[in-house]
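Have a look at the structure below before the remarks.
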Amino acid sequence: MFLGSADDPAIAYATAPLDNAVERLNRALQDGSATLTFEGRSGYLRSAIDALRLPVDSQLLVFSRASLQGRLVSPSSPRALFFDDRVVLAWVRDGELLEAAAHDPRHGVVFYSLEQRPAQRPSFKRELRCLGCHLTGDTFGVPGLLMFSTTPESADRATTIMTTDQRSPLAERWGGWFVTGNSGAARHRGNQVPALERHPGGGVESVAGLFEPDGYQGTSSDIAALLTFSHQTQMINLLTRAAWEARAADPALHPGRVAAPGQMQAVEALMSGVAEEVVDYMLFVGEAPLPNPVAGRSGFAERMSARGPRDRQGRSLYELDLKRRLMAYPCSYLIYSPAFDALPALAKEPIYRRMWQVLSGEAGDPRYRSLSLADRRAVVEILRDTKPDLPAYFAAVAR
């Protein structure tokens, strides 16, 4: 994890200028080019979804109380999340706040709230109190996103909370979440509510009828969206950690700091290790396989798979597989994110170098055997056609 300070002058998390989806919306709200409308029990939710261009089919429903407004969350009134690769929006029915977490290209995840009451000119306010939970070892020591799985309290066992991501077995995921769609025979911890006690775990089509729907925007908590969010949370955190490590270590960003003998070699060794962690996760090394094909029902999978950019063969890193694994081609679509593009050279160069070592077959580590030659070749070909800043050595032929 990052062991430096968020107040390092090369980072200045709390004070430096920001540029992310929520900041751009705030500017539009202030100059009048955008408006938010307050509607019933959902408040500003519908217009915030539209203003941030978030897909409703991304809705995730969580009834675990591990959140800022958890006192209002329950199986009969779950918290709703909407997300894409830029921002997450959270709504709690009858809550005081809309919550948002935006992926800022320079600073990582930045947290905001919007008061849920009618106002002439509403705007999102930055929230630093969220760092109490969202800047920990589970986020690699940087402000980040978390996806918890909880086990319910019983007479002989207290509630447990664990952080999950793409490496977690399906059987450990989504405790405290509703899961809709078809997971086949595969078991997970979702849907553990009294209303579904006798329901087969693999096939909850929708949450219709499980709770009073007033204010909610849909009836899905789609398994494909949950799998995607499981990947995205820690990928974002790893990119932030890489950027912060590079900025904190760069002497050029710290005027007056005298580099000790051998310091740059130590920095290069540190960034090489960080790059290996980033690349392993980005290429889905160690991803928990799907025990059987799964299928969503909200349209999330179809919309996600239709996104580009595409290579000359029409392939995209956004395409989902959902038969054996999450993605059709094992490389994260967040390689196209502004945060990846904004990585300092001290981080981006070793990441690209490590990617090539793995994809070309040079790495030779047994843990990369899960990446078939066909997978590695497809990823290289897609990146060559769609990633303009790809280093020239990616033009070589993979072994």
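Details
- Inter-probe distance in nm under a simple model that places probes 7 Å from Cα toward Cβ, at Thr35 and Leu373: 6.2 nm
- Net length gained if the chain between Asp8 and Ala195 were fully extended (0.36 nm per residue, minus Cα distance): 62.3 nm
- The stretch between Ala16 and Asn292, if pulled fully straight at 0.36 nm per residue, gains 94.7 nm over its current Cα-Cα span.
- Proximal lysines relative to Lys387, as straight alpha-carbon distance under 29 Å, when same-chain residues fewer than 8 apart are discounted: Lys323, Lys348
- Remark: segment 104-217 projects, on average over all directions, an area of 10.9 nm² (convex hull of Cα atoms).
- Value of D in µm² per second that Stokes-Einstein yields for segment 271-399, Kirkwood Rh from Cα pairs, at 4 °C (1.567 mPa s): 85 µm²/s
- Helical mean residue ellipticity (222 nm; -39500 (n - 2.57) per DSSP H run of 4+; nearest 500) of the chain: -8500 deg cm²/dmol
- Overall, the chain carries a charge dipole of about 460 debye about its Cα centre when +1 sits on the Cβ of Lys and Arg and -1 on the Cβ of Asp and Glu, all other atoms neutral.
- Among residues other than Ala301 with Cβ under 12 Å from its Cβ, the summed charge is -1 (Lys and Arg +1, Asp and Glu -1).
- Calculated FRET efficiency for the pair Arg53/Ser76, C-beta based, R₀ 30 Å, to 0.05: 0.50
- FRET efficiency for Arg167 and Gln120, using Cβ-Cβ distance with R0 set to 45 Å, rounded to 0.05: 0.45
- Model label sites at Asp365 and His254, defined 7 Å from Cα along the beta-carbon direction, differ in position by 2.7 nm.
- Diffusion coefficient of the chain by Stokes-Einstein, Kirkwood radius over Cα pairs, 4 °C, 1.567 mPa s: 58 µm²/s.
- Relative counts (whole %) of C-alpha pair distances in segment 1-143, using bins that are 5 Å wide: 2, 9, 18, 22, 20, 15, 9, 4, 1, 0
- Taking a straight Cα-Cα cut-off under 16 Å and skipping sequence neighbours fewer than 8 places away in the same chain, the aspartates and glutamates within cross-link reach of Lys125 are Asp19, Glu23, Glu96, Glu99, Asp104, Glu115.
- With semi-axes defined as the square roots of five times the eigenvalues of the C-alpha gyration tensor, the equivalent ellipsoid of segment 250-309 measures 43, 17, 8 Å, largest first.
Only the coordinates and a few stated rules stand behind these numbers; no lab work does. Keep in mind that this is a model prediction, so the values were computed, not measured. Backbone-built Cβ (ideal geometry, glycine too); neighbour counts: all protein chains shown.
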